Amino acid sequence: MKLYTSQLSPFARKVRILILEKNLQEQVELIESNPYEATAEHLIANPLSKVPALTLANGESLYESYVICEYLDALSGDRLMPQAEKHLPALQQMALTDGLMQTTFSIAVELNRRAESERSMDWVDRWAETLVRGVDALANVLPTYEDSLTLPHIGAVCALDYLDLRASDRVDWRKQQPSLNTWYDTFGERAAMQQTRPVA
C-alpha cells in the first residue's frame, strides 16, 4: 500500500501515528506529497488533491483520514477505534478534533496563501473564536475518553499540536485549559507522537 502524506498535515499525521502504533510500517509505503503540486499518481489516488490518500494493493484508493484510519485499524484485531456502544461517542470526539484541525488550517491558508490585500481578518477572527470554543469543548469531553490509547486520543494530540504550529498567537490552549496540558503530557509524548510531530 502507498500513503500520500505531508509532514505538515494533521490529517495525514493521524494516519502515520496509527501506522506506527499498530506496527504497519512494513505494509505501508509513505510518499511525501504537496497537495498544491500533486502528481498524477496522487490525483488518481485522490481526485480532490488532498492528503492523506491511500492506494491499496489492488489499485483501489481511499481518501479522507477517518476512512483510511478505519481501514488500517481493521487490519488487526487490536482496534484503536472504540466499537459497539462506544463507537458513536468516539466518532463525535473525532468530529470535534477534525473540526479544530480544519479551522486551524483555514486560518493558516488565509494568512499564508492569500496576498495580504486579499486577506479577511474578520474571517480569521471568527475562526479564532471557533478554536477557543473548540478547545473548551475538548477539555470538557476528555473525561469521556478511554484510559488507553484510541483514535480519538490521536486526533486530539494532532489537533493540539497543529494549533501550536499554526495558531499559537491566537489560541493558547495550555493557558486556556490547563487540564489539556496535563492530559497531553501523558499521550502527546508517546514515541509515535514525537516521531511525527510537525516542524514548520
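The residues of the chain present an accessible area of 52 Å² per residue when probed at 1.4 Å with all protein chains retained.
Residue 148 exposes around 70 Å² of accessible area when a 1.4 Å probe is run over every protein chain in place. From helices alone, the chain scores -17500 deg cm²/dmol at 222 nm; the rule is -39500 (n - 2.57) for each run of n ≥ 4 DSSP H residues, then divide by the residue total. Rounded, prolate or oblate for the range 128-169? Axes are the square roots of the Cα gyration tensor eigenvalues, ordered a ≥ b ≥ c, and the cut-off for rounded is a/c under 1.5. Cα axes put the range 128-169 in the oblate bin. The heavy atoms of residue 79 present about 80 square angstrom of accessible area, all protein chains included, probe 1.4 Å.
Our note on the geometry: Cα centres of the range 22-62 and the range 128-200, 26 Å apart. The aspartates and glutamates whose alpha-carbon is closer than 12 Å to the alpha-carbon of residue 86, local same-chain residues fewer than 8 away aside, are 146. Two decimals is fine: what's Rg over Rh for the range 41-175, C-alpha atoms, Kirkwood radius as Rh? Answer for the range 41-175: 1.02.
Heavy-atom surface analysis with a 1.4 Å probe gives the chain a carbon and sulfur content of 50 percent of its accessible area. With equal scatterers on the alpha carbons only and no solvent term, can you work out the Debye log10 of I(q)/I(0) for the range 102-151 at 0.13, 0.25, 0.29 1/Å? Log-scaled intensity ratios, in q order: -0.44, -0.89, -1.04. The alpha-carbon of residue 2 sits under 26 angstrom from the alpha-carbons of these lysines, leaving out residues fewer than 8 places away in its chain: 14, 22, 50. Working from the Cα coordinates of the range 17-115, the gyration tensor eigenvalues give, after taking √(5λ), semi-axes of 25, 21, 11 Å in decreasing order.
The values are calculated or read from the model by the stated rules, or taken from the named source; none is laboratory data. Not measured: the values here are computed from a predicted model. Heavy atoms of the whole protein, side chains included, go into the accessibility calculation; ligands, DNA and RNA do not. Shrake-Rupley method; radii C 1.70, N 1.55, O 1.52, S 1.80 Å.
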